[in-house]
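Report on one structure; see the data block that follows.
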Amino acid sequence: MNISFWQAALGSLGGSVGFALLAHAPLRSLLPGGCIAVLSFLIYWFLASLGISESLSVFAGSLAGALAGHLVSRRMKMISTIFLVSAIVPVVPGLGLYRTMSLLAQGLTAEGADQGIRAMITIAMISLGLGAGSFIDQRSHLHRNRKDPEPPGSRPA
Amino acid sequence: MKEKLTPALDQPCMEALQLAGRIIIENGGETYRAEETIAHMGMALGLTEVESFAVPSGLFISYRRPDGVLETSVKRVHRQETNLTRVDWVNRISRMLSAGELDLMQALSRLRGIQRLPGPVSSVWRLPAALVCAGGFSLLFGGGWKEVLCSGLIAALVQLAGNLFSRFRMHWYAASIAGGFLTELLPHLAVLLVPEISMAATVAGALMPLVPGLAMTNAVQDTLRGDMVSGMSHGTQALLTACCIAGGALLSAALLGFLQRRMIL
């Protein structure tokens, strides 16, 4: 990744806050949503800077964002969608999609298809991270709310 | 003897449940959320056998009243705009109803109010929001201050065009095609004024506010809860939106290529 820490943090904050405003998200969710986006993108940025594959970095970033989004939504008693959208938007491969379109428009079909498949893999990794985060959150929530079953016959008739 | 049928909508309970589910689906909420909200509200209202089935284009509700009568309703839902504040408000009302802080008529009155609730930002303030969004993403894609400014201004112009489209009640796919077209076209015109800007960071940044992030999130969330119909429906919507944006951008690129070959640009 050829961007600095501050570029990554400021860019993901601005991008996600603007996106949330366009989706008419409640105003009190903007700052927490922006912080989740920064966390999600910085994890991706840090792992990609270490040379870890793009797919794994995107998965880790979106997983962390999804977990943080569910946690914050429970704390703030707000719908999780607001925070999940903020978490995934910065890792959407906008540049990859642009390159795909650009190459296809120039008639470079093979190169365009290659870029397109890479972008699709990144989108699949985002979905997987989001799904895994939601699954972990569901399981942990069920576990916390579960009461130990009483043995049969423990209550007097 | 014929049994007298009571229209279901005469019942405030049914109206409240229907309204809650409809507002959630119309404004971009997940279908599982609509079903869960209806179930929670129904239980809070003392109804039994509360069942609901929601898809992105419709809502089916059934419950048994305390007097034993089974009520059922079917409602066609037309997706309006994305307004997560309304979805959040319905969620809050459902919680308040469950906690006993509201009674049925108060909840119904508030739900009717939510239908008309505007978003937290007006259509004018959506322009700076698009500017901030596109500028931020342009920075992420390695752009400098010129690219940030340029993509922000282009996104604001595309947003303005989107506002005009919605005023003329044009369908979302027409707006997506036009958005993609303008997002590809305007940076090429901007290059004529500022030749040193990076085209990739500018176009990709300006495209980001159009990305169907909410539909993608809903597709994953619904599928994960086992609602394959809604998951597929939201996934298809996300894919179609992305195809429309890409189609518009490709159309614009082809037009620019044609003009360049003719040495017009």
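The values are calculated or read from the model by the stated rules, or taken from the named source; none is laboratory data. Computed from a predicted structure; not experimentally measured. Please note: Cβ atoms are built from the backbone with ideal geometry, for glycine as well, and neighbour counts cover all protein chains shown.
What the table shows:
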read-out: Matching entry among A:S86, A:S57, A:S53, A:S40 (being within 11 Å of chain B (Cβ to nearest Cβ) and either crowded, with 23+ Cβ neighbours inside 10 Å or over 15 Å from A:S127 (Cα atoms) (or both)); value: A:S86
read-out: Any hit, region B:129-141, residues being modelled with pLDDT under 90, in a helix (DSSP H, G or I) and crowded, with 19+ Cβ neighbours inside 10 Å; value: no
read-out: Any pair with Cβ under 6 angstrom, 6 or more apart, that starts in region B:218-232 at a residue that is closer than 14 Å to B:E36 by Cβ and in contact (Cβ under 8 Å) with a residue 24 or more places away in the chain and ends at one that is acidic (D, E) and assigned to a helix (DSSP H, G or I); value: B:S230/B:D222
read-out: Region A:6-26, residues that are touching a helix residue (DSSP H, G or I) at 6+ places or on another chain (Cβ under 8 Å), among the hydrophobic types (A, V, I, L, M, F, W, C) and part of a helix (DSSP H, G or I); value: A:A8, A:A9, A:L10, A:L13, A:V17, A:F19, A:A20, A:L21, A:L22
read-out: Subset of region A:39-80 (residues that are polar (S, T, N, Q) and in contact (Cβ under 8 Å) with a residue 60 or more places away in the chain); value: A:S55, A:S62
read-out: Strands (runs of 3 or more DSSP E) wholly inside region B:12-87 containing at least 3 residues that are within 26 Å of A:I82 (Cα to Cα); value: B:48-55, B:58-64
read-out: Of all residues making up region B:216-227, the number that are in a helix (DSSP H, G or I) and more than 10 Å from chain A (Cβ to nearest Cβ); value: 1
read-out: Residue match in region A:21-31 (condition: crowded, with 19+ Cβ neighbours inside 10 Å and more than 10 Å from chain B (Cβ to nearest Cβ)); value: no
read-out: Count of residues meeting criterion [surrounded by fewer than 24 Cβ atoms within 10 Å (Cβ to Cβ), free of Cβ contacts under 8 Å to residues at least 12 places away in the same chain and facing chain B (nearest Cβ under 7 Å)] in region A:1-20; value: 3
read-out: Criterion: farther than 20 Å from A:A23 by Cα and within 14 Å of chain A (Cβ to nearest Cβ) - qualifying residue of B:E101, B:E51; value: B:E101
read-out: Considering residues of region B:144-192 that are in a loop (DSSP other than H, G, I, E, B) and farther than 21 Å from B:G247 by Cβ only, the residue modelled with the lowest pLDDT; value: B:R169
read-out: Criterion (under 21 Å from A:S80 (Cα atoms) and in the same structural domain as B:A249 (by TED's automatic domain parsing)) met by exactly one of B:V194, B:V211, B:V203; value: B:V211
read-out: Enumeration of residues in region B:193-207 that are outside any helix (DSSP H, G or I), in contact with a Lys or Arg (Cβ under 8 Å, 6 or more places away or on another chain) and modelled with pLDDT of 85 or more; value: B:I197
read-out: Qualifying residue in region B:85-92 (condition: surrounded by fewer than 20 Cβ atoms within 10 Å (Cβ to Cβ) and touching a residue at least 12 places away in the same chain (Cβ under 8 Å)); value: no
read-out: Search result, residues across region B:235-256 that are closer than 21 Å to A:F83 by Cα and touching a Leu at 6+ places or on another chain (Cβ under 9 Å); value: B:A238
read-out: Residue in region B:10-60 that is farthest from B:R110 (Cα to Cα), counting only those that are of a type in the set (D, E, K, R) and in contact with a helix residue (DSSP H, G or I) (Cβ under 7 Å, 6 or more places away or on another chain); value: B:E30
read-out: Enumeration of residues in region B:148-157 that are touching a residue at least 40 places away in the same chain (Cβ under 8 Å) and within 11 Å of chain A (Cβ to nearest Cβ); value: B:V148, B:S151, B:G152, B:A155
read-out: Options B:L104, B:L182: the member that is outside the structural domain of B:A238 (by TED's automatic domain parsing), in contact (Cβ under 8 Å) with a residue 60 or more places away in the chain and not small (G, A, S); value: B:L104
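For (1) more than 26 Å from B:S151 (Cα to Cα); (2) more than 7 Å from chain A (Cβ to nearest Cβ); (3) at pLDDT 85 or above, each residue gets a yes or a no:
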| residue | (1), (2), (3) |
| --- | --- |
| B:P209 | no, no, yes |
| B:V229 | yes, yes, yes |
| B:A238 | no, yes, yes |
| B:A242 | no, yes, yes |
